[in-house]
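*Asks:* Take this structure, written in structure tokens, and hold onto it; I'll ask about it next.
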Amino acid sequence: MRNQNNLIAKEGQSLVFFFLLLGIGLFFARYAHSDYDFRVEGVIVTAFGLFTAYFFRNPVREIDSAERSVVAPADGKVIKIEERHEDEFINGDVILISIFMNVFNVHINRVPVTCEVTKIKYHPGKFFNASLDKASKHNERCSMLIKTPGGALVLVVQIAGLIARRIVSYPRKGDNIIKGKRYGLIRFGSRLDVYMPKGSKIAAKIGQKIKAGEVLGYLK
């Protein structure tokens, strides 16, 4: 699985290198073109390269090890906790927890439970603000249905946001993944939805700022 030990996610390394190299090049370009000073452009491009490195950062996270715990798959703000019927993958009543990631959050996504991947489906779509309700149905997204060793089904959905244009998901059907392992990312502002079985005990609260690996709740 990718990005397990990378300081900067592989998907961002070439972008960081490009912008930093271009920024340094602009600083030195003024010596070749004495009639124009490129330092302002150099500062802007270098700053963008540093922000890109910050965006694709890949920090180590402490993962809750309790057997029945479901951990946050991403850093961000809990914007929704509600019961609903999920009819595409689970076909049953579930508890939905939505985590909104702004551009300053870590965007590496982690598996919320130790599991076997039973189904993955990519949905092309639009790019509404990821905090809106309609984003869960109309935006570009990638759904991953996973099953715990105890047989519980959990659905994790990566949802692209207003300026996100690339969802990355590494697992394949049949993969077995340990809780907290990195499994993908979304470029720029976006959202993660976690569907837990009805009856699960919820520990997270709406408005809470949470980090990947912290407890969202416990399976029944």
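*Asks:* If I ask for residues that are exposed (fewer than 15 other Cβ atoms within 10 Å of the Cβ) and at pLDDT 90 or above, which ones from segment 15-42 would you list?
*Replies:* Hits for segment 15-42 are F17, F18, L21.
*Asks:* Among (1) of a type in the set (D, E); (2) touching a Ser or Thr at 6+ places or on another chain (Cβ under 8 Å); (3) modelled with pLDDT of 95 or more, there is one condition D75 misses while meeting the rest; what is its number?
*Replies:* (2)
*Asks:* Right, here's the next one. Which condition number in (1) surrounded by fewer than 19 Cβ atoms within 10 Å (Cβ to Cβ); (2) closer than 30 Å to P149 by Cβ is the one that N58 fails?
*Replies:* (1)
*Asks:* Let me ask something else. Looking only at residues that are among the hydrophobic types (A, V, I, L, M, F, W, C) and farther than 12 Å from S190 by Cβ in segment 68-78, which one is surrounded by the fewest Cβ atoms within 10 Å (Cβ to Cβ)?
*Replies:* Our first condition is that a residue be among the hydrophobic types (A, V, I, L, M, F, W, C); within segment 68-78, this holds for 70-72, 74, 78.
Checking which are farther than 12 Å from S190 by Cβ leaves us with 70-72, 78.
Details: V70: 29, V71: 25, A72: 28, V78: 19.
Among those that are among the hydrophobic types (A, V, I, L, M, F, W, C) and farther than 12 Å from S190 by Cβ, it is V78.
*Asks:* State the number of residues belonging to segment 104-144 that are closer than 28 Å to G207 by Cβ, modelled with pLDDT of 90 or more and of a type in the set (A, V, I, L, M).
*Replies:* 5
*Asks:* Might you check whether a residue that is modelled with pLDDT of 95 or more and among the aromatic types (F, W, Y) occurs anywhere in segment 161-182?
*Replies:* no
*Asks:* Yes or no: F51 surrounded by fewer than 18 Cβ atoms within 10 Å (Cβ to Cβ), without any contact (Cβ under 8 Å) to a residue 24 or more places away in the chain and not in a loop (DSSP other than H, G, I, E, B)? Before you say what the answer is, go through the steps one by one.
*Replies:* Numbers: surrounded by fewer than 18 Cβ atoms within 10 Å (Cβ to Cβ): yes; without any contact (Cβ under 8 Å) to a residue 24 or more places away in the chain: yes; not in a loop (DSSP other than H, G, I, E, B): yes.
Answer is yes for this residue.
*Asks:* Still on this structure, please answer the following. Suppose we filter K80, K121 for residues that are assigned by TED's automatic domain parsing to the domain that holds I167, free of Cβ contacts under 8 Å to residues at least 40 places away in the same chain and more than 30 Å from G25 (Cα to Cα); which single one remains? Step through it out loud before you land on a result.
*Replies:* On the way: K80 fails: free of Cβ contacts under 8 Å to residues at least 40 places away in the same chain.
Being assigned by TED's automatic domain parsing to the domain that holds I167, free of Cβ contacts under 8 Å to residues at least 40 places away in the same chain and more than 30 Å from G25 (Cα to Cα) holds for just one of K80, K121, which is K121.
*Asks:* Same structure, new question: As an exercise: evaluate N58 against (1) out of contact with any Lys or Arg (no Cβ under 6 Å at 6 or more places or on another chain); (2) closer than 20 Å to P197 by Cβ and give the number of the one condition it does not meet.
*Replies:* Just one mismatch for N58, condition (2).
*Asks:* Can I ask one more? Across segment 82-128, which residue is surrounded by the most Cβ atoms within 10 Å (Cβ to Cβ) among those that are within 18 Å of the chain's Cα centre (by Cα), in a strand (DSSP E or B) and polar (S, T, N, Q)?
*Replies:* Checked segment 82-128; the qualifying residue surrounded by the most Cβ atoms within 10 Å (Cβ to Cβ) is N109.
*Asks:* Hey, which of the strands (runs of 3 or more DSSP E) in segment 164-220, taking only ones fully inside, have at least 2 residues that are in the same structural domain as I81 (by TED's automatic domain parsing), crowded, with 16+ Cβ neighbours inside 10 Å and touching a helix residue (DSSP H, G or I) at 6+ places or on another chain (Cβ under 8 Å)? Steps first, answer last, please.
*Replies:* Values: elements: 167-169, 182-186, 190-197, 215-218.
Result: 190-197.
The values are calculated or read from the model by the stated rules, or taken from the named source; none is laboratory data. Note that the structure is a prediction, hence the values are computed from the model and not measured. Every residue, glycine as well, gets a Cβ built from its backbone with ideal geometry; the counts of neighbours run over all protein chains shown.
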